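Worksheet: the structure to be examined is printed underneath.
Every number in this text was worked out from the coordinates using simple rules, so none of it is lab data. Note that the structure is predicted; figures quoted are calculated from it, not measured. Here the Cβ positions follow ideal geometry from the backbone for every residue, glycine too, while neighbour counts run over all protein chains shown.
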Amino acid sequence: MSAPAPIVASEITGLVLAGGRGSRMGGVDKGLQNFNGTPLALHAVLRLGPQVGQVLVNANRNLAAYESFGVPVWPDGLADYAGPLAGFLTGLERCETPYLLTVPCDTPLFPLDLASRLAAALADQQADIAMVSAPEAAGPPGAAASLFPQPVFCLLRATLLDSLVRFTQGGGRKIDKWTAQHHTVLVPFDRPGDAADAFFNANTLTELHTLERQRS
Ligand SMILES: Nc1nc2c(ncn2[C@@H]2O[C@H](COP(=O)(O)OP(=O)(O)OP(=O)(O)O)[C@@H](O)[C@H]2O)c(=O)[nH]1
Ligand SMILES: [Mg+2]
């Protein structure tokens with residue numbers, strides 16, 4: 001059998017998920033909160049840009065503020081903050097390339113080789129979905145950190161749109177329940193040289209300021 005064709009950056013649309021309620025931040029629009037002086041969602045746009053062919057933002061409030069980043073902005077079609085899977089659906093509906101890469105707006109240190117490593121795994125395994133698996137919090141020094149799936153970091157084949165329409169129309173809201181219906185490969189991000197805090201996310205303003213102090 002011939003080797004699977006590699007996936008190139010221009011075939012991937014990057015989607016920044018910024019459509020949540022931000023309730024643990026007191027209901028603020030999380031993607032517009034500053035991290036070292038730049039809005040979190042803009043960090044994500046700038047980090048994704050070089051890795052993909054084009055970037056979209058998914059947001060449900062303050063759309064003009066997101067539009068000022070210079071990329072297309074799409075709100076959820078599903079009502080009432082149905083969760084990140086509603087953002088996946090919006091992204092797949094708007095995606096004009098064969099692959100969609102989702103990232104949340106609240107994880108400003110995600111790897112610069114995120115797309116290439118997920119794409120290599122997806123192509124190698126001929127999978128439908130490649131999902132990040134990474135340490136969630138710093139453990140004791142020297143200890144091997146456990147890896148956990150990071151379901152909002154997913155590379156998806158755009159042909160999954162029909163499946164996600166059916167799943168969400170049936171009331172499905174959990175990312176892992178949907179991805180379990182498809183050939184999903186978990187991609188570990190714990191190589192030597194991988195930053196241990198690359199997937200730290202900020203759910204509260206305290207977490208955001210702590211992350212900021214670590215990396216200012
Ligand atoms: N499109 C869309 N994205 C969402 C929705 N809910 C959460 N997200 C996004 O999914 C990612 C992970 O969600 P959370 O960390 O729970 O963020 P959040 O829901 O804004 O915050 P909380 O209200 O505190 O849970 C973030 O990037 C959110 O913007 C939603 O209803 N629609
Ligand atoms: Mg939430």
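Ignoring everything except DSSP H segments at least 4 long, calculate the 222 nm mean residue ellipticity for the chain; use -39,500 (n - 2.57) per segment, divide by total residues, nearest 500. Please report the intermediate quantities before stating the final value.
Working: 7 runs with 61 residues, N = 216.
The helix-only estimate for the chain comes to -8000 deg cm²/dmol at 222 nm.
Spin-label point model (7 Å from Cα, Cβ direction): what's the LYS174 to SER146 distance in nm?
1.8
Across every pair of different alpha-carbon atoms, what Kirkwood hydrodynamic radius in Å does region 9-214 reach? Let's see the in-between values first.
Details: mean 1/r = 0.0585 Å⁻¹.
Averaging 1/r across every pair of different Cα atoms and inverting gives 17.1 Å.
Considering Cα pairs under 8 angstrom that are at least six residues apart, work out the relative contact order of the chain and quote it in whole percent. It would help to have the intermediate numbers written out before the result.
Numbers: 398 pairs, mean separation 51.2, N = 216.
Worked out over the chain, it gives 24 percent.
Given 5 Å bins starting at zero, what is the percent of C-alpha pairs of region 58-123 in each, up to the one with the largest pair distance?
In order of increasing distance, the bins hold 3, 14, 21, 24, 23, 10, 4, 1 percent.
Taking 0.36 nm per residue of separation and subtracting the Cα-Cα distance, what length does fully extending LEU63 through GLU93 add? Kindly include the intermediate steps, with their values, before the conclusion.
Details: separation 30, 0.36 × 30 = 10.80 nm, distance 1.81 nm.
Length gained between LEU63 and GLU93: 9.0 nm.
Test of understanding: what is the full-extension gain from GLU11 to SER163, defined as 0.36 nm times their sequence separation minus their Cα-Cα distance? All intermediate terms of the calculation are to be shown ahead of the outcome.
Values: separation 152, 0.36 × 152 = 54.72 nm, distance 2.06 nm.
Gain in length upon complete extension: 52.7 nm.
Work out, step by step, the length gained on full extension between ASP113 and GLN126: first 0.36 nm times the residue separation, then minus their alpha carbon distance; give nm to one decimal.
Details: separation 13, 0.36 × 13 = 4.68 nm, distance 1.96 nm.
Net length gain for the segment: 2.7 nm.
Taking the Cα centre of the chain as origin, work out the dipole magnitude from +1 charges on Lys and Arg Cβ and -1 charges on Asp and Glu Cβ, in debye rounded to 20. Write out the running numbers ahead of the final one.
Numbers: 15 positive and 19 negative charges, 56 e Å.
So the magnitude is around 280 debye.
Got a sec? Which residues in region 98-137 would a label at GLN181 touch, if it sits 7 Å along Cα→Cβ and we count backbone N under 17 Å?
What the label zone holds, given the 17 Å backbone N cut-off, is 128-130.
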